[in-house]
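The values are calculated or read from the model by the stated rules, or taken from the named source; none is laboratory data. Keep in mind it's a predicted model, so treat the numbers as computed, not measured. With ideal geometry, Cβ positions are generated from the backbone for all residues, glycine too; neighbour counts draw on all protein chains shown. For the accessible areas, the whole protein counts, side chains as well, though only heavy atoms, and no ligand, DNA or RNA atoms are used. Shrake-Rupley method; radii C 1.70, N 1.55, O 1.52, S 1.80 Å.
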Amino acid sequence: DAQRLGLAQMYQLKGRVGRSSTQAFAYFMFPEEVPLTEEAQARLTALDELQDLGSGMRIAMRDLEIRGAGSLMGAEQHGNMSAVGFDLFAQMLADAVTATREGAEAPGDELPPSLSDINVNLPGHAYLPEEYLPLGDERVLWYRRIASAPTVADVRAIGEALAEAHPDMPDAARNLLDKTALRAFAHEHGIKSVAIAGGKLIVEPVRLRDGVLKDLRRSAGRYQADRRRLTLPMRHFKLEEGASVFVPVLEFLEGAAEGAGAPAA
């Protein structure tokens, strides 16, 4: 049934035959009573013609000629389209094409570079479950709105709108909003990284309010002024097992970090 195999598959199988100085042969057979399709015949012909050493690139190019290079709207891209829905896919494609022709960035809710540079690496499931938002295109739209919110107030407003449109919000969705609020807070305060490593919360760069460090030292907290790097053991938060860390960390930073200023360059 060689007619059922792709050209790359047959080429790989052929390359597995033979060892060292032992000559071997690869036979690709197909049922005599089954008429070959035009593509199947082209694949077998290519395999017969391209037998020299180093034919891999030529095989790949011939495979591309036979199968085609794919299309944005065709079956080759069905995975991407299924994830967001046809209408949203077409809208995003149209926006991107228009922006490219005009030499501008595509409109919409793209993530600002200043937000995309911020690292929030805290444990916990943070996503919009499919059971909560079954429609893929709607789920993607909410993701875009949440991801592009530049301030904590914006995140809270989006969270209220989401809860009003879809009550009974699961913990994973709340975590996503809390994580995004933490990132927005970091953006407003010039913080580039909020992470937990080795049982410690690490925040940098951050300016602390007067008097905060004295209280943190009771929990073995450490602040490197030259790097503006804060290290604080997680036991400071006294969290119950399995509890979300996003809200406690955000509340801590709201009380410890110096007032909002221009984001760090």
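Accessible area per residue for region 174-265 in Å², computed with a 1.4 Å probe and the full protein assembly in place, what is it?
Numbers: 4940 Å² over 92 residues.
It amounts to 54 Å² per residue over region 174-265.
Note down the nm distance, to one decimal, between modelled labels 7 Å out along Cα→Cβ at residue 197 and at residue 97.
4.5
Which order do you get for 4, 174, 229 if you rank them by accessible area with a 1.4 Å probe, largest at the top? Please report the intermediate quantities before stating the final value.
Numbers: 4 180, 174 120, 229 50 Å².
The most accessible residue leads, giving 4, 174, 229.
Indicate the gyration tensor shape class of region 104-236 (rounded, prolate or oblate), computed on the Cα atoms with a ≥ b ≥ c the square roots of the eigenvalues: a/c under 1.5 is rounded; otherwise a/b larger than b/c is prolate and the rest oblate.
Working: a/c = 2.60, a/b = 1.78, b/c = 1.47.
Prolate is the answer for region 104-236, as a/c is 1.5 or above and a/b outweighs b/c.
Taking amide H positions as placed 1.01 Å from N in the peptide plane, with prolines and chain starts having none, which residues 5 or more places from residue 119, or on another chain, fall under 5 Å of its amide H?
193, 194
What lysines sit close enough to residue 179 to cross-link, taking a C-alpha to C-alpha distance under 30 Å and skipping anything fewer than 8 places away on the same chain?
By straight Cα distance, residue 179 reaches 192, 200, 214, 238.
What size of dipole, in debye to the nearest 20, comes out for region 127-265 about its Cα centre when the only charges are +1 on Lys and Arg C-beta atoms and -1 on Asp and Glu C-beta atoms?
Numbers: 20 positive and 20 negative charges, 210 e Å.
Using Cβ point charges on Lys, Arg, Asp and Glu, region 127-265 gives about 1000 debye.
Pull out the extension gain between residue 45 and residue 171, defined as 0.36 nm times the separation in residues minus the alpha carbon to alpha carbon distance; nm, one decimal. Numbers along the way, then the final one.
Details: separation 126, 0.36 × 126 = 45.36 nm, distance 5.69 nm.
Stretched out fully, the residue 45 to residue 171 stretch lengthens by 39.7 nm.
Which aspartates and glutamates have a Cα less than 20 Å from the Cα of residue 14, not counting those fewer than 8 places away in the same chain?
1, 39, 48, 49, 52, 63
List the relative contact order of region 125-196 as a percent without decimals, with contacts defined as Cα pairs under 8 Å and 6+ residues apart. List each step's numbers first, then the result.
Values: 60 pairs, mean separation 31.9, N = 72.
Relative CO of region 125-196 lands at 44 percent.
With r defined as the distance between the Cβ atoms of residue 227 and residue 153 and R0 fixed at 41 Å, what FRET efficiency is calculated, to the nearest 0.05? Kindly include the intermediate steps, with their values, before the conclusion.
On the way: r = 30 Å, r/R0 = 0.72.
E between residue 227 and residue 153, to the nearest 0.05, is 0.85.
Find how many whole Å separate the alpha carbon centroid of region 148-173 from the alpha carbon centroid of region 1-60.
Each part reduced to its Cα centre gives a spacing of 55 Å.
Provide the gained length on full extension for the span residue 119 to residue 237, in nm with one decimal, where the gain is 0.36 nm per separating residue minus the Cα-Cα distance.
40.4 nm
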